[in-house]
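Remarks on the structure that follows.
The values are calculated or read from the model by the stated rules, or taken from the named source; none is laboratory data. Computed from a prediction, not measured in an experiment: that's the story for all the values here. Here the Cβ positions follow ideal geometry from the backbone for every residue, glycine too, while neighbour counts run over all protein chains shown.
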Amino acid sequence: MRLAPVMRVLLAAVLGARLIAAHGADHASANGGEAGGSQSSGRANVLVISGTDAYLPAFEAINRAMQAALDERHSRPVAFLYEATDSGRVSGDPGPTFAEYLENKYRGTRIDAVVLTTELAADLYLEHRNRLWPDAPVILHSLPAADARRVPPHPGLVVLPTNWGVLGTLRIARRLQPDARRVTVVSGISRLDQRILDAARVDLERGALGIPVEFVVGQSPRTVEVRLAQDDRRSIVLYLSMFRDEHGGVHVPRDVLTRLSAASAAPIYGIFDTFVGHGLVAGEMESFAERGERVADLLVTALARPTASALVVPATRSRCVADARQLERYGLSPGLLPDGCDLRFVERPFVERYWWQSLLVAVALVVQSVLIALLLLQRRRRRAAELSLAAQRLQLAHASRLAVAGELTASIAHEINQPLGAILANAEAAELLVQSGRLERSELLQILADIRRDDVRASEVIRRLRAMLARHDVERRRFDLHALVEETSALVRTEASRRGVAIDCALGARHAEIFGDRVQLQQVLINLVLNAFDASAASAEGARHVTIETCDTADGVRMSVRDSGPGVAAADLPRLFDSYFSTKAGGMGLGLSIARSIVDAHGGTIAAANTGGGAVFVVELPRPPSDARPGRSGRSPP
Ligand code: ADP
């Protein structure tokens, strides 16, 4: 406490006595007629005088809690009036002029109680109390316990001191950093800074930390920033406050802490509640909200019945508070904190923080998984259906070949009969020669050669037929299309002559090698040729021609079957390749549909057109890929 000189007290007393008289008169008139008078309206007016700036975060927190608690706990509504001396930061002394200012400002306003924040406010107010509101109870809070004992014992004065937990904070720091090599104490040089620093020095001496303590006092935040940046994790920084530096810079201590923390390589500890969350690692501190509630309680009591004498009540409890983010930043283990320490800013797990977003994503994932499963199931089913369809088509193709064979039976029988007849004739001739005894060796050899040739012819017919009729899986290999055309025309030649159709081949393609299933492509050709025979039947005998042509295309080979029939009706052209489309009596309508699926499976195209003198069916097949290798593709679609 600043001790007022004796002269000053006397002067104040004289002045005070005069002013009290004037004040009493004013007061009476104010209470009688002014609407702001608290008694008439039942409102209580509480004047709060802060020794620091009015917006200091700590005192804002205290005032907020005090107001809220008072609104709740006091029977009458309470109006708060705020004043700030700011003597915590600036060094000038407003002296009696401050009292005069208050007196003039609040003339006509009843003050029911006064709350003084810090001893700096007490210095100013209590000295002039008598000329202001001598009967209004006073609650003085936020001053060190040592100073509380020195406050003059005014009647109606209740003092709520504060315990700055410097020692407790350093103990926490030592727990977290047992290998720390030094303590750096940072402080400003304003009156309040000095008070806090003095109290800290006492505690530091008592604490016997066993490691050196350095004091960085009054330096500008920039200088301290640089210094802390060069520090390391084996240092403990105790940041007390910085209202003012020695260069005249005036600060809000919490803002200074934010700057220092951003730069500091060493963990920073502190003793004020409002610093947590602004770069402080941990500390032992009172809760400002709790202190505000205590002040509210004291006000409720004082407003009801002011104490006759001064009273010092116990300070609020200090406790450990830590910032989980700062602990993590400096690699300090929260497990080393004292039991019951209030650990703030703990990162909740992602799922907990974004629970509804996580839930949404989880639901989306489940829905997506179900959809994927359904799609896979559907794909499997479709694949199975495709395979079964392919198998059915293969069977159908085979059945169709059997049907073709049935159609060719007469011709085939004739074709086999011819060599068989020749063999028989040759055998009989040989027999006669043997019986006549005129057998010449060379003649017999000629007969035997003829028999063998005819036998080969007959077995060739049977081989071709068997090859066509065999039930087989799809087999892809390179083969010569011209050889296939010739073999097929040989197979149907007898049938052609039976029907009176002339069959020609004009094989103009220079690159007739293709890659695919020979039997299936032969089936395509036979279907087209037999259809051409059917169509040619409408023409007069002698005018029935079927021509099989080949030529090169840009990317493969083209094979056409041209006939001299009536052509395809324009209306039928679009439906020609549909399954079961037939214009023939007893026709199945499968030949062209099977042909198209075979050509499709070979990557080719098939189309029909009218030539004017009949129809032409054109099959285009691609050139074999350079890496085409023979292979079986099982029962894949033909
Ligand atoms: P089907 O021979 O059992 O009728 P296809 O699928 O082989 O079955 O032929 C379908 C239809 O296409 C035939 O009924 C016929 O009307 C027509 N068609 C096929 N080839 C020719 C052709 N060369 N000239 C005229 N019409 C044809």
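Below is a table of values for the structure above.
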| read-out | value |
| --- | --- |
| Of residues in region 510-525 being in a helix (DSSP H, G or I) and touching a strand residue (DSSP E or B) at 6+ places or on another chain (Cβ under 8 Å), the one nearest to the ligand (Cβ to nearest atom) | Val524 |
| The listed residue being free of Cβ contacts under 8 Å to residues at least 12 places away in the same chain and of a type outside the set (Ser, Thr, Tyr), out of Ala384, Ala422 | Ala384 |
| Selected residue (only one of Gly218, Gly248, Gly207 is out of contact with any Cys (no Cβ under 7 Å at 6 or more places or on another chain) and within 22 Å of Cys341 (Cα to Cα)) | Gly207 |
| Failed item, numbered, when Ala430 is tested on (1) of a type in the set (A, V, I, L, M); (2) over 30 Å from Leu528 (Cα atoms); (3) free of Cβ contacts under 8 Å to residues at least 12 places away in the same chain | (3) |
| Members of region 131-161 found to be buried (at least 19 other Cβ atoms within 10 Å of the Cβ), over 55 Å from the mean Cα position of the chain (by Cα) and modelled with pLDDT of 90 or more, listed by number | Arg131, Leu132, Trp133, Ala136, Pro137, Val138, Ile139, Gly156, Leu157, Val158, Val159 |
| Residue that is surrounded by the most Cβ atoms within 10 Å (Cβ to Cβ) [pool: residues in region 576-600 that are more than 9 Å from the ligand (Cβ to nearest atom) and in contact (Cβ under 8 Å) with a residue 60 or more places away in the chain] | Ile598 |
| Filtered residues of region 556-575 (kept if within 8 Å of the ligand (Cβ to nearest atom) and touching a helix residue (DSSP H, G or I) at 6+ places or on another chain (Cβ under 6 Å)) | Val561, Asp563, Gly565 |
| Among the residues listed as Leu439, Leu433, Leu448, Leu444, the single one being modelled with pLDDT of 90 or more, surrounded by 13 or more Cβ atoms within 10 Å (Cβ to Cβ) and over 60 Å from the mean Cα position of the chain (by Cα) | Leu448 |
| Residue that is surrounded by the most Cβ atoms within 10 Å (Cβ to Cβ), among those in region 162-186 that are more than 16 Å from Ala322 (Cβ to Cβ) and among the charged types (D, E, K, R) | Arg182 |
| Residues located in region 111-123, provided they are crowded, with 23+ Cβ neighbours inside 10 Å and either at pLDDT below 90 or part of a helix (DSSP H, G or I) (or both) | Glu119, Leu120, Ala121, Ala122 |
| Residues located in region 343-364, provided they are in a helix (DSSP H, G or I) and surrounded by 10 or more Cβ atoms within 10 Å (Cβ to Cβ) | Phe350, Val351, Arg353, Trp355, Gln357, Ser358, Leu359, Leu360, Val361, Ala362, Val363, Ala364 |
| Which numbered condition Thr605 fails, given (1) in contact with an Asp or Glu (Cβ under 8 Å, 6 or more places away or on another chain); (2) within 12 Å of the ligand (Cβ to nearest atom); (3) farther than 25 Å from Arg493 by Cβ | (2) |
| Some residue of region 227-234 being within 16 Å of Gly168 (Cβ to Cβ), of a type outside the set (D, E, K, R), at pLDDT 95 or above and outside any strand (DSSP E or B) | no |
| Region 454-480, residues that are in a helix (DSSP H, G or I) and loosely packed, with under 14 Cβ neighbours inside 10 Å | Val456, Ser459, Ile462, Arg463, Arg466 |
| So Val367, is it assigned to a helix (DSSP H, G or I), of a type in the set (Val, Ile, Thr) and over 53 Å from the mean Cα position of the chain (by Cα) | no |
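Listed here are the residues, each with its yes/no results for (1) in a helix (DSSP H, G or I); (2) small (Gly, Ala, Ser); (3) touching a Phe, Trp or Tyr at 6+ places or on another chain (Cβ under 8 Å); (4) at pLDDT 85 or above.
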{"site": "Leu394", "(1), (2), (3), (4)": "yes, no, no, no"}
{"site": "Ala397", "(1), (2), (3), (4)": "yes, yes, no, no"}
{"site": "Arg401", "(1), (2), (3), (4)": "yes, no, no, no"}
{"site": "Ala405", "(1), (2), (3), (4)": "yes, yes, no, no"}
{"site": "His414", "(1), (2), (3), (4)": "yes, no, no, no"}
{"site": "Asn417", "(1), (2), (3), (4)": "yes, no, no, yes"}
{"site": "Ile423", "(1), (2), (3), (4)": "yes, no, no, yes"}
{"site": "Ala427", "(1), (2), (3), (4)": "yes, yes, no, yes"}
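Each row is one residue, and each column tells you yes or no for (1) at pLDDT 95 or above; (2) out of contact with any Asp or Glu (no Cβ under 9 Å at 6 or more places or on another chain); (3) among the aliphatic types (A, V, I, L, M); (4) closer than 17 Å to Ile271 by Cβ.
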{"residue": "Ala200", "(1), (2), (3), (4)": "no, yes, yes, yes"}
{"residue": "Gly207", "(1), (2), (3), (4)": "no, yes, no, yes"}
{"residue": "Val213", "(1), (2), (3), (4)": "no, yes, yes, yes"}
{"residue": "Gly218", "(1), (2), (3), (4)": "yes, no, no, no"}
{"residue": "Arg222", "(1), (2), (3), (4)": "yes, yes, no, no"}
{"residue": "Glu225", "(1), (2), (3), (4)": "yes, yes, no, no"}
{"residue": "Ile236", "(1), (2), (3), (4)": "yes, yes, yes, yes"}
{"residue": "Arg244", "(1), (2), (3), (4)": "no, no, no, no"}
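Quick grid of which residues meet (1) part of a loop (DSSP other than H, G, I, E, B); (2) within 40 Å of the chain's Cα centre (by Cα); (3) free of Cβ contacts under 8 Å to residues at least 12 places away in the same chain:
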| site | (1), (2), (3) |
| --- | --- |
| Leu257 | no, yes, no |
| Ala265 | yes, yes, no |
| Gly283 | no, yes, no |
| Ala289 | no, yes, no |
| Leu298 | no, no, no |
| Ala308 | yes, no, no |
